[in-house]
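Derivation of every value follows stated rules applied to the coordinates shown; laboratory data play no part. Predicted model, so just to flag it, every value in this text is computed and none were measured. So basically every Cβ, Gly included, is an ideal-geometry build from the backbone, and we count neighbours across all protein chains shown.
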Amino acid sequence: MKILALCGSLRSGSLNAAVLRSATDLFVPPWEITVEPDLGRLPFFNADVEENDLPEIVAELRARLGASDGLLIATPEYAHGTSGVLKNALEWLVGGGEIAMKPVALMSASPAVTGGDRARAWLTETLTVMGANVLADGLRIPQATRKVKDGRLTDEPTLAALRDLLDDLARAVAAAREENPLLAP
Ligand SMILES: Cc1cc2nc3c(=O)[nH]c(=O)nc-3n(C[C@H](O)[C@H](O)[C@H](O)COP(=O)(O)O)c2cc1C
C-alpha cells in the first residue's frame, strides 16, 4: 500500500516537514511512503495551461497520486488558511480527478496553541469538494516548536498520536479497497 505525502511548507526548518519526516520513519514494508518533492516547483495554476499544455511536473504529480492508495498532508497555517503552495498543488489536482475517494489524513503543526486547526478545517472543505475521503480526526500539533528537535518530532504523546493517525489511514485504505477493488492503483 502506497501513501503519497505532501508538505505545505517550503521552509528549510519547517515544523511540518519535521512531522512528515517522523511519519516516514514509522512506515514499514509492505507500506511505502513517497514524499512529494518541493511543491514550490509547480507553476501557478492556470486553466489555459492545463487545457493546452499540461506541464510535465504536474502530469508526474497526478501520476504519483493515481498510483497511491492514500494521501498524508502536513500543512502550516498561514492567515487562518493553508499555504498558497499547497492550495496551488490542489488546484492542479482538481482536474486530474485522481484524488476521488482516496483516504486523506491531515496534520498541522504550529507554534500557536491552536495547532493549525483552521488550516486543517480549510483543507477539509477543499479536499471534500474534490471528492477525497478526509479522515475525521487529523493530527493537531500545538506549540510545535517545543515538540520538534533536529528535524524530527520528539514529543512522545504526539508521536503516539501520529502512530494512531497512520493506523487510521491504513484502516481507511483497507476499507476503501474492500468497498471498491478497482480503487487499488
Ligand atoms: C505569513 C504568516 C502567517 C501566519 N499565520 C498563522 C496563523 O494564522 N495561525 C497560526 O497558527 N500560525 C500562523 N503563522 C505561524 C506559522 O504557523 C509558523 O510560521 C509555522 O512554523 C509555519 O509552519 P512550518 O514551520 O512548517 O514552516 C503564520 C506565519 C506566517 C509567516
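Assign unit charges at the C-beta atoms only (+1 for Lys and Arg, -1 for Asp and Glu), then state the dipole size of the stretch 6-136 relative to its Cα centre in Debye, rounded to the nearest 20. Before the final figure, lay out the partial values.
Values: 9 positive and 16 negative charges, 102 e Å.
Dipole size: approximately 480 debye.
By average Cβ neighbour count within 10 Å, what is the ranking of 44-53, 70-79 from highest down?
70-79, 44-53
So how do 94, 129 line up by other beta-carbon neighbours within 10 Å, fewest first?
Taking fewest neighbouring Cβ atoms as first place, the list is 129, 94.
Name the residues whose placed amide hydrogens come within less than 5 Å of the amide hydrogen of residue 69, ignoring near sequence neighbours (fewer than 5 apart) on the same chain.
Hits under the 5 Å cutoff: 2, 3, 4.
Please report Rg over Rh for the chain, where both radii come from the alpha carbon positions and Rh follows the Kirkwood definition.
0.95
Taking Cα pairs under 8 Å and at least six residues apart, what relative contact order does the stretch 1-140 come out at, in percent?
With pairs under 8 Å counted, the relative contact order is 28 percent.
How do 1, 101 rank when sorted from fewest to most other Cβ atoms within 10 Å of their own Cβ?
The most exposed by this proxy come first: 101, 1.
For a protection proxy built on the mean count of beta-carbon atoms within 10 angstrom, sort 163-173, 28-38 highest first, please.
Peptide ranking by packing, descending: 163-173, 28-38.
Note the count of lysine pairs whose C-alpha atoms are less than 27 angstrom apart in the stretch 2-183, limited to pairs 8 or more residues apart or on different chains.
Details: 2/87; 2/102; 87/102; 87/147.
For the stretch 2-183, qualifying lysine pairs total 4.
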